[in-house]
1. Residue 48 versus (1) among the basic types (Lys, Arg); (2) at pLDDT below 95; (3) under 20 Å from the mean Cα position of the chain (by Cα): which is the lone unmet condition?
2. In region 128-142, is there at least one residue being free of Cβ contacts under 8 Å to residues at least 40 places away in the same chain, in contact with a helix residue (DSSP H, G or I) (Cβ under 7 Å, 6 or more places away or on another chain) and part of a loop (DSSP other than H, G, I, E, B)?
3. Among the residues of region 110-124, which ones are in a helix (DSSP H, G or I), surrounded by 10 or more Cβ atoms within 10 Å (Cβ to Cβ) and at pLDDT below 80?
4. How about region 90-123: which of its residues are closer than 19 Å to residue 136 by Cβ and of a type in the set (Gly, Ala, Ser)?
5. Pick out the one residue from 6, 27, 59 that is modelled with pLDDT of 95 or more and either of a type in the set (Gly, Ala, Ser) or under 30 Å from the mean Cα position of the chain (by Cα) (or both).
6. Within the set of pairs 6+ apart or on separate chains, which have a first residue in region 102-118 that is more than 17 Å from residue 129 (Cβ to Cβ), a second that is in a loop (DSSP other than H, G, I, E, B) and among the polar types (S, T, N, Q), and C-beta atoms under 6 Å apart?
Amino acid sequence: MSRAIGWFLVLALVVAGWMKWQVVTLGERLESARQENGRIAAALSDTRAAIDTLQAAAGRLVQEEEKLRGDLNAAHRLALTREQKIQRLLNENQQLRDWFNTALPADVARLHQRPGFTGAADYLRWLSESESVPNPGQPPGD
């Protein structure tokens, strides 16, 4: 019987050792899971902060767009009002109508003529190549 008790004690020690090893292993896995959980929570917090920032920016953009649309509508209304006033004045005043229908001087008309530009570089090149408007205070050729 003492031999059975010996084997039983050895078996109990083996089981206790195996259980201790399981506890240590599970503890390490638990700590690893906690660290991973912390990393994921930090990433989630960063993501939420980024989403909140983007939503706030989108809200500001919507407000700015609405303001710009309002400004554009006001500018259109002002332009229409001015156009109507000009048309009314032209209809009322023959002298103004005659002045309005005369051709612009050649130098002024030239300012209104420009080629189609494909970029800022084309525009700057055109500006540097074009002739300047004569100074009315100086005689031509100076």
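The values are calculated or read from the model by the stated rules, or taken from the named source; none is laboratory data. What you are looking at is a predicted structure, and each value in this text was computed from that prediction instead of being measured. All Cβ positions, glycine included, derive from the backbone under ideal geometry; neighbour counts span all protein chains shown.
1. It is condition (2) that residue 48 fails.
2. yes
3. If the condition is that a residue be in a helix (DSSP H, G or I), surrounded by 10 or more Cβ atoms within 10 Å (Cβ to Cβ) and at pLDDT below 80, then 110, 111 are the ones that fit.
4. Correct list: 103, 106, 109.
5. On the way: 6 fails: modelled with pLDDT of 95 or more; 27 fails: modelled with pLDDT of 95 or more.
Only one candidate qualifies: 59.
6. Taking only residues 6 or more apart or on different chains, not a single pair turns up.
A quick yes/no check of all residues on (1) out of contact with any Pro (no Cβ under 7 Å at 6 or more places or on another chain); (2) surrounded by fewer than 10 Cβ atoms within 10 Å (Cβ to Cβ); (3) in a helix (DSSP H, G or I):
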site: 50; (1), (2), (3): yes, no, yes
site: 65; (1), (2), (3): yes, no, yes
site: 72; (1), (2), (3): yes, no, yes
site: 82; (1), (2), (3): yes, no, yes
site: 90; (1), (2), (3): yes, no, yes
site: 95; (1), (2), (3): yes, yes, yes
site: 100; (1), (2), (3): yes, no, yes
site: 104; (1), (2), (3): yes, no, no
